[in-house]
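A.B. asks: Shown below is the structure under consideration.
Rule-based calculations on the coordinates, nothing more; no lab input. Because the structure is predicted, anything quoted here is derived from the model rather than measured.
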Amino acid sequence: MISLFMTFSDPAGGRRVRSEALNAVAVLIGAVPQMTEGLLFTPLEQSADHPYKADGPGPAFALQLRFPDLLACEAALNRGGALASLATGGGLSSLTGLDVTHQVMLTRSFPVDVAEHHPGTATPCSYLVHYPGPAEDMNAWNLHYLEHHPSIMRTFPNVRQIEIYTRIDWVDQLPSQRIEHMQRNKLVFDSPAALSHALTSDVITRMRADFVRFPPFAGGNKHFPMLTRVVRPAPSQDMPS
């Protein structure tokens, strides 16, 4: 599976995306051809305790769109499409003027003990992490990370999803800035409180112990807890032509 990430950042800080703008984006991306799932990420309404709060509040808005394969994703990245419009704000004042970046990556999913959210979960919380890179040896980096880190992540209390994203080559015609982080990953929990409980548990000690064994890399890493809204494809996409 392929994921497109788009990130909207406010250099001055403080920008909040209004709910009506999020609703408009949900409609827009729901109609993107061959998109199988969309995820809208917004900052927490209240700060949550986690080990990397010094990384800052994160972007004003971000999204992840899933596609079944690379060609389906690339077809949605033409200069006249909805995503090209969104990359310049989509006519929405909440998004206009933000710094926008995008990246297409391979999605690697890993098992968790219980994937279903707790009954009553309204707004899950995703922990978005990225490593800008580079690593001295990308193969060595990927081998170590993929073989060791997900099994530790799985032991976080009530983690509902583990995904790691690795680089690929892709083509697009979007007006936003292309970036090529060497890796991203995402952990999903039922709520900000559940995320905070997990990331302040003793599991983080094992994560840090593995971190110091990573093959050499530059660029550090960033961690952002984000509220998560799921968008399904518009019903018309599922109808035969």
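A.B. asks: Against the empirical 2.2 N^0.38 Å scaling, what ratio does the C-alpha Rg of segment 57-179 come to?
C.D. replies: Cα Rg divided by the expected 2.2 N^0.38 Å: 1.24.
A.B. asks: Enter the angle in degrees (range 0 to 90, nearest 10) between the Cα long axis of helix 138-153 and the first principal axis of the Cα atoms of the chain, meaning the one along which they spread out most.
C.D. replies: 80 degrees
A.B. asks: Hey, another quick one. Over the alpha-carbon set of segment 1-135, work out the extent along each principal axis and list the three values in angstrom, largest first.
C.D. replies: Principal axes ranked by extent give 42, 41, 38 Å for the Cα atoms.
A.B. asks: Short version: ³J(HN,Hα) in whole Hz for each residue of segment 197-209, in order, from phi by Karplus 6.51 cos²θ - 1.76 cosθ + 1.60 (θ = phi - 60°), x for Gly and Pro, what are they?
C.D. replies: 4, 5, 7, 9, 7, 6, 4, 4, 5, 5, 4, 5, 5
A.B. asks: Next question, about the same structure. Report D for segment 108-150 in µm² per second (integer): Stokes-Einstein, Kirkwood Rh on Cα pairs, 4 °C, 1.567 mPa s.
C.D. replies: Answer from the Stokes-Einstein relation: 96 µm²/s.
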